[in-house]
Amino acid sequence: MKKNTKGIIIGVVAMVVVAILLVAVWLTFGPKASAGTKAYEVTVTDNNGEVTTYEGKTDAEYLKELMDELVEEEDFTYEGSESDYGLFIESINGLKADYDTDGAYWSIYVNGEYGQYGADSQPVADGDKFGFVYEIAQ
């Protein structure tokens, strides 16, 4: 009986050692973090028609996540508030759009087309081009 218990203990120890070696090999030679897999371009057109462009790669699932990455990595800022329809963008790069005062708002364009979703629900796909444009309601 003692011999059988000793064999079980040796087997368990051997499995633990093999598991540790496999984890070490995976950590050493496994996949490494990268800058992202989806290419993007974001342009911001201000009230004077001046355009600022940001380009890079991301793993963001939605535009708001990409915007948060830009805040961390670039000279990009934004402010907004949550509404029944999602994130309402109030200012970008310090330029506030006040619809109640002069009908100004920040519109979102996706690949040249007027966006159909808010920033927090707009998916990001490889090669997407997003535009934030300061506009005045007519």
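The values are calculated or read from the model by the stated rules, or taken from the named source; none is laboratory data. No experiment lies behind these values; they were computed from the predicted model shown. Using ideal geometry, Cβ is built from the backbone for each residue, glycine included, and neighbour counts are taken over all protein chains shown.
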Within region 44-59, the residues that are in contact with a helix residue (DSSP H, G or I) (Cβ under 9 Å, 6 or more places away or on another chain) and surrounded by 15 or more Cβ atoms within 10 Å (Cβ to Cβ) are TYR54, GLY56, THR58
In region 95-138, the residues that are within 23 Å of the chain's Cα centre (by Cα), over 20 Å from GLU55 (Cα atoms) and part of a loop (DSSP other than H, G, I, E, B): GLN116, TYR117, GLY118, SER121
For region 106-120, pairs from a residue that is at pLDDT 95 or above and of a type in the set (Val, Ile, Thr) to a residue that is assigned to a loop (DSSP other than H, G, I, E, B) and surrounded by fewer than 10 Cβ atoms within 10 Å (Cβ to Cβ), with Cβ under 8 Å and 6 or more apart or across chains, are VAL110/GLN116
Return the total of residues in region 121-138 being without any contact (Cβ under 8 Å) to a residue 60 or more places away in the chain and closer than 19 Å to LYS64 by Cβ. 1
Kindly check whether there is at least one residue in region 91-101 that is within 14 Å of LEU66 (Cβ to Cβ), acidic (Asp, Glu) and in the same structural domain as GLU55 (by TED's automatic domain parsing). no
Out of (1) under 27 Å from TYR99 (Cα atoms); (2) assigned to a helix (DSSP H, G or I), the one GLU72 does not meet is (1)
Return the residues of region 97-138 that are in contact with a helix residue (DSSP H, G or I) (Cβ under 6 Å, 6 or more places away or on another chain) and among the acidic types (Asp, Glu); say none if nothing qualifies. ASP120
Is it fair to say PHE88 is under 30 Å from ILE136 (Cβ atoms) and touching a helix residue (DSSP H, G or I) at 6+ places or on another chain (Cβ under 7 Å)? no
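Based on this model, can you work out whether LYS57 counts as under 18 Å from GLY127 (Cα atoms), in a strand (DSSP E or B) and in the same structural domain as VAL110 (by TED's automatic domain parsing)? If you could, list the steps in order and put the result at the bottom.
Details: under 18 Å from GLY127 (Cα atoms): yes; in a strand (DSSP E or B): yes; in the same structural domain as VAL110 (by TED's automatic domain parsing): yes.
Answer is yes for this residue.
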